[in-house]
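In what follows, a structure is listed as structure tokens, so that the remarks can point back to it.
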Amino acid sequence: MDYKDSSTDALMFITQRPDIVFERGQGSWLTDHAGRRYLDFIQGWAVNCLGHCPPEISDTLAAQSKQLINPSPAFYNGPMVELAGLLTRNSCFERVFFANTGAEANEGAIKLARKWGRLHRGGAHEIITFGHSFHGRTLATMSASGKAGWDTLYAPQVMGFPKAEYNHLDSVAALIGEKTVAVMLEPVQGEGGVIPAEIEFLQGLRKLTRERGILLIVDEVQTGMGRTGKLFAYQHAGIEPDIMTLGKGIGGGVPLAALLAREAVCCFEPGDQGGTYNGNPLMTAVGAAVIRRLLTDGFLDEVVALGEYLAQGLRDLAGKYGHVGERGSGLLRALILSDESGPQIVQRALAMEPHGLLLNSPRPNLLRFMPALNVTRDEIDEMLAALDTLLQGE
């Protein structure tokens, strides 16, 4: 593909991008148009759970593309059925609806909860969400999010999303009323600063929502598919939510998402929910290949071990340079800085020699790490050594 004579001006401006064009990726490494290499600890924002271009995905895409790509969501296809079975057999849910993005899955969860509320709770429609949460970029999911400034960006908001305080059960209980249909949260707030929900908080939420007759929705777009060391993060707390959403890692790099629900909650009727590409065999075949890899013996145990290895390295650096510390779960972690130098560190990391390093700073006072789940210890060591150099130069 020849883009050398093309201009980036043809792309709509939505964010600042550096003047590099990535051409190749393999495992934890990317290569740009000039042949420069980058160690990638972002992985598409926790999307590439098996790294760049793993054979499980590239081989599956090649094989499936020669067999069947898109027969229409009005019909069953083999990979759709297989992936739905893999997801339900390995979770507490009985039903799956496939989508293309995490935001679309969350939009579907909101619709499902509101319809359930109309049928079973006298029209209740409010969904309690949390400050600093992130659920997507559609109008409804932006309204559900607690990201600062989003309440006015595309005003008026979609109404019906009162905000509670994360890890504070009493703040949730205080908001529950006749109009409440559900509570929705991320088991780890990723964009909010890699803040894990406390186990007791998740267990308390499940007890509270059952007592009040409302639904519990877990947004596992970032935490699902092995990211925290279990297939789904809610499993750490030993609870059974009513609805779960997946995205990012479920496709390992291709556009795939899912809405899962218990049978008792499923109340969509024909025409209520759909999507042109939803459940197409090209994407769901990849999803099935990804989850089969995650379920191989020892894979998730190694994610836990690698997560602790990375965490210890980050704690050592925090102590060495007087930073606050680290937090996270599995291979979703953050280094909390004592200042707001995060964005500057990200820029300097990109320009390091002999190769660049891709990091993320969702908030100025922290760096977020989302490596491939099969990252090696040598690659973690290389990243930590580079980070050591970057912190020295502050």
### Task
Among the GluC sites (Glu not before Pro) in the stretch 267-342, which ones are in a DSSP loop with at most 12 other Cβ atoms within 10 Å of the Cβ? Mind listing them?
GLU340
### the chain: angle of helix 78-89 to the longest principal axis, Cα-based, in degrees nearest 10
80 degrees
### Message
Just to be sure I understand: with springs between alpha-carbon atoms less than 10 Å apart, which residue in TYR38, TYR309, TYR321 has the highest mean-square fluctuation in the Gaussian network model of the chain?
### Response
TYR321
### Message
Using each residue's phi in the stretch 223-232, evaluate 6.51 cos²θ - 1.76 cosθ + 1.60 at θ = phi - 60° and report the 3J(HN,Hα) Karplus result to the nearest Hz, with x for Gly and Pro.
### Response
8, x, 6, x, 4, 9, x, 10, 4, 10
### For the stretch 201-211, Karplus couplings with θ = phi - 60° (6.51, -1.76, 1.60), whole Hz, Gly/Pro x
5, 4, 5, x, 4, 4, 5, 5, 5, 5, 4
### Task
In whole angstrom, note down how far apart the Cα centers of the stretch 87-154 and the stretch 268-341 are.
20 Å
### Contour excess over end-to-end distance, with Cα ends at ALA155 and ALA62 and 0.36 nm allotted per residue
29.1 nm
### Message
Need the full-extension length gain, ILE199 to GLU382, defined as separation in residues times 0.36 nm minus the C-alpha distance. One decimal, nm.
### Response
62.6 nm
### Task
Take the chain, connect every pair of alpha-carbon atoms lying under 10 Å apart with a spring to form a Gaussian network, then pick out the residue of PHE93, PHE161, PHE201 with the largest mean-square fluctuation.
PHE201
### Summary
The size of the Cβ-based charge dipole (Lys, Arg +1; Asp, Glu -1) of the chain about the Cα centre, to the nearest 20 debye, is 880 debye
### Query
Along the stretch 90-95, what does the Karplus equation 6.51 cos²θ - 1.76 cosθ + 1.60 (θ = phi - 60°) give for ³J(HN,Hα), rounded to whole Hz, x for Gly and Pro?
10, 9, 9, 9, 10, 9
### Task
Net charge near ALA173: determine it from the other residues with C-beta under 10 Å of the C-beta of ALA173, scoring Lys and Arg +1 and Asp and Glu -1.
-1
## Note on the structure
Taking 0.36 nm per residue of separation between ASP339 and ARG212 and subtracting their Cα-Cα distance, the length gained on full extension comes to 41.5 nm
### Task
Distance check, please: which entries in LYS230/LYS320; LYS163/LYS230; LYS163/LYS207; LYS111/LYS179 exceed 21 angstrom between their Cα atoms?
LYS230/LYS320; LYS163/LYS230
## Note on the structure
Amide H proximity to TYR166 below 5 Å, modelled H, separation 5+ or other chain, gives GLY131
### Summary
With the 8 Å Cα cutoff and a minimum separation of six or more residues, the chain has a relative contact order in percent of 22 percent
### Query
Cα extents of the stretch 256-394 along the three principal axes, largest first, in whole Å?
59, 33, 31
## Note on the structure
Expected sort for ILE42, ILE214 with the fewest Cβ neighbours (10 Å cutoff) up front is ILE42, ILE214
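Every number in this text was worked out from the coordinates using simple rules, so none of it is lab data. These numbers come from a predicted model, not from an experiment. All Cβ positions, glycine included, derive from the backbone under ideal geometry; neighbour counts span all protein chains shown.
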